[in-house]
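For reference, the structure discussed in these notes is given below.
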2 protein chains.
Amino acid sequence: MTAPVQRHPLAAQGAEALLARIRAGEWGLGHRLPGETTLAAQLGVGRSTVREAVRELSGKGVLDSRQGVGVFVTALDVTEDWDAVLRRTSVTSVLEARIAIEVEAAALAAERRTPNDLRAVRRALAGRAVTGRSVEDHVDADMAFHRCVIVAAHNDLLIELFDSFVPRVRTSMVDMMRTRPPASPEADHAAHEALTEAIAGRDPQGAAELSRAHLTGLKEVYK
Amino acid sequence: MTAPVQRHPLAAQGAEALLARIRAGEWGLGHRLPGETTLAAQLGVGRSTVREAVRELSGKGVLDSRQGVGVFVTALDVTEDWDAVLRRTSVTSVLEARIAIEVEAAALAAERRTPNDLRAVRRALAGRAVTGRSVEDHVDADMAFHRCVIVAAHNDLLIELFDSFVPRVRTSMVDMMRTRPPASPEADHAAHEALTEAIAGRDPQGAAELSRAHLTGLKEVYK
DNA sequence: GCGCGCTAAGTCCTCAGACAAGCAGAGATG
DNA sequence: CATCTCTGCTTGTCTGAGGACTTAGCGCGC
């Protein structure tokens, strides 16, 4: 384990320490942790810091604190969060997953889109056409467009899958746009426009092919 | 809004309030939240309470605070509990998501499978051919087969996506097999055999089509 | 003009202390 | 035995004080 580039605040370190001790079996499922003051002394930090550490694990669903009683272990393990998975997967893996979801969603969107959906997609398309902005803003606008397409597919599970990992690769995509921007912004936008029109024209196969072509192109850049 | 049975501490209420405002779009992805003192005044609580609320959302992966800079939104939405999502989505939605993931994975598997992968797939195929077992065992064997195909695609993210929701619909699939069993078990098994052979023969397009045909057939049953 | 270091302001981070609120068990009381 | 009260321990909240870090702006020398 290499030293992290980013120095963790004491509260985050405390959360990691507590999680490690829980994983090691020091406190089993449903067991009570020592009091905040005790933990503070053990960890060598102030009580407020301990409280923040507990609160962080509470947000992860590992701990639950009840006033007047104590802090209890509610889960032995954190469901491996997406950040950890994404940190060790490659950009191409992410793009392949996007292909899987977005190509199917594009076809479904072409079949099921309502006039309202179409309006939203077109608005997002116009949003990502704006030039002269920061790279971050452009990436956000692009992701908003792709999300609109998936929303138009009317399948909650696909939306959930998209939301569960794509927003987390935002920084990677920003880097990607910064280091290897599209050869031709005009062609890039034309591809999105064509996808929009395929959805507007209720052409599932065309929408799927256009979506696949676009994402495969992105993937090629990284080969 | 009914009063919750459990009274929430102010910090938890604050976290909910912040999350609601994020969901409402008050602060977009990557945007900065107001300072602690400002938020404390807005929410009518002390600074430490705000800090705990932020820390809780930080544990959930929604916020990220950087010393000397501010608190930033890192995700627009908490990935809702899969159980909750799946409880209100239809079987067809699940099958559509499976189509998205498995069709793409089948094609990739045909390209990338190693001899070891192929052995695993064939073993799983033999496993699901066994007759005269309980419905549960058959469903488990079937899911194991489909998972082997995805493993052969060599993309951790796709495996993670599959694992994150497909095992949770096990009971639904058991019900499905019980109430509407496949018209012809032989044809069902032949379809899986054909998929295996397409992967063995390194035929991405064929594997994709066979996978799609199989899952679409399942979806039709529920129309 | 250009690059450099320095300063200042704003932000989060940590601590200590104080008091309030809630819970559980020991002991008193009937 | 049933019930009440009191006491000690726990978490919940607030305040004030520094400390550490980042960014932006300024002046200076080149």
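Table for the structure above
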item: Test for B:R147: is it at pLDDT 95 or above, among the charged types (D, E, K, R) and in a helix (DSSP H, G or I); result: no
item: Looking only at the range B:1-32, and only at residues there that are part of a loop (DSSP other than H, G, I, E, B) and within 14 Å of DNA strand D (Cβ to nearest atom), the one that is modelled with the lowest pLDDT; result: B:P4
item: Meets criteria (surrounded by fewer than 14 Cβ atoms within 10 Å (Cβ to Cβ) and part of a helix (DSSP H, G or I)) for A:T92; result: no
item: Scope the range B:192-203; condition surrounded by fewer than 18 Cβ atoms within 10 Å (Cβ to Cβ), assigned to a helix (DSSP H, G or I) and of a type outside the set (D, E); matching residues; result: B:A194, B:A200
item: Whichever residue in the range B:14-34 is more than 14 Å from chain A (Cβ to nearest Cβ) and surrounded by fewer than 18 Cβ atoms within 10 Å (Cβ to Cβ) and, among such residues, is farthest from the chain's Cα centre (by Cα); result: B:P34
item: Yes/no for A:V54 being assigned to a helix (DSSP H, G or I) and more than 27 Å from the chain's Cα centre (by Cα); result: no
item: The range A:33-50 - residue that is hydroxyl-bearing (S, T, Y) and either assigned to a loop (DSSP other than H, G, I, E, B) or without any contact (Cβ under 8 Å) to a residue 24 or more places away in the chain (or both) and, of those, farthest from DNA strand C (Cβ to nearest atom); result: A:T38
item: Test: residue in the range B:197-218 that is hydroxyl-bearing (S, T, Y) and modelled with pLDDT of 90 or more; result: yes
item: Members of the range B:46-61 found to be of a type outside the set (A, V, I, L, M, F, W, C) and at the interface with chain A (Cβ under 7 Å from one of its Cβ atoms), listed by number; result: B:S48, B:R51, B:E52, B:R55, B:E56, B:S58, B:G59, B:K60, B:G61
item: Failed criterion for B:D64 (all others in (1) free of Cβ contacts under 8 Å to residues at least 40 places away in the same chain; (2) at the interface with chain A (Cβ under 9 Å from one of its Cβ atoms); (3) in contact with a helix residue (DSSP H, G or I) (Cβ under 7 Å, 6 or more places away or on another chain) hold); result: (2)
item: Pair list, Cβ under 8 Å, 6 or more apart: the range B:92-115 residue more than 7 Å from chain A (Cβ to nearest Cβ) and within 18 Å of B:G206 (Cα to Cα), other residue among the basic types (K, R) and surrounded by fewer than 21 Cβ atoms within 10 Å (Cβ to Cβ); result: B:V103/B:R212; B:A110/B:R202; B:E111/B:R202; B:R113/B:R202
item: Residues satisfying the stated conditions in the range B:136-193, i.e. free of Cβ contacts under 8 Å to residues at least 40 places away in the same chain and hydroxyl-bearing (S, T, Y); result: B:T171, B:T179, B:S184
item: Lone qualifier among B:T37, B:T49 - being crowded, with 18+ Cβ neighbours inside 10 Å, within 12 Å of DNA strand D (Cβ to nearest atom) and over 18 Å from A:G61 (Cα atoms); result: B:T49
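The values are calculated or read from the model by the stated rules, or taken from the named source; none is laboratory data. Note that the coordinates shown come from a computational prediction; the quantities given were computed from them, not determined experimentally. Cβ: placed from backbone, ideal geometry, glycine included. Neighbour counts: every protein chain shown.
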